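Notes for the one structure printed next.
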Amino acid sequence: MSVKIQPVGRRYLLEMEDITDRKVGHIHLSQTSGETTRVCKIISSGQGAYDHALGKFVPNEHKVGERVLISAFAGFNLDAKSLGYIGVDFKIVNEGEIMARIVGEEDN
């Protein structure tokens, strides 16, 4: 999938996954908990930002392709239809809005 949006700074473009009852690692995500937390895939990332306290450029912590957990209320919802995508939900979030990285996922 080629995306027409490139986030800037410490922001990420996320593709929202469908909400279903399932386990992600050792966390059980039911449809009701899915109303407050969402699993997403990082589609695109900004380059990072200059940290004045450190006096240097700091790249973003997460990489394209990672699956992450965010609050359903985090970030900015994008109108996917206006971008030419139907049936896909996108969000742009700041790095601080990502609650967890999903690693070592087990079979459901």
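A few remarks follow.
- Taking the criterion of being exposed (fewer than 14 other Cβ atoms within 10 Å of the Cβ) and more than 13 Å from the chain's Cα centre (by Cα), the residues of the range 59-87 that qualify are PRO59, ASP79, LYS81, SER82, LEU83, GLY84, ILE86, GLY87.
- Cβ pairs under 6 Å, 6+ apart, first in the range 54-82 and at pLDDT below 95, second loosely packed, with under 11 Cβ neighbours inside 10 Å and in a loop (DSSP other than H, G, I, E, B): ALA72/THR36
- Residue in the range 58-66 that is among the small types (Gly, Ala, Ser) and more than 13 Å from LEU13 (Cβ to Cβ) present: no
- Scanning the range 39-53 for residues that are touching a residue at least 40 places away in the same chain (Cβ under 8 Å) and crowded, with 17+ Cβ neighbours inside 10 Å yields a total of 5.
- Condition broken by VAL3, with the remaining ones in (1) at pLDDT 90 or above; (2) assigned to a loop (DSSP other than H, G, I, E, B); (3) surrounded by 13 or more Cβ atoms within 10 Å (Cβ to Cβ) satisfied: (1)
The values are calculated or read from the model by the stated rules, or taken from the named source; none is laboratory data. In this text, all values refer to a predicted model and were calculated from it rather than measured experimentally. Cβ sites come from the backbone with ideal geometry, for glycine too, and all protein chains shown count toward neighbours.
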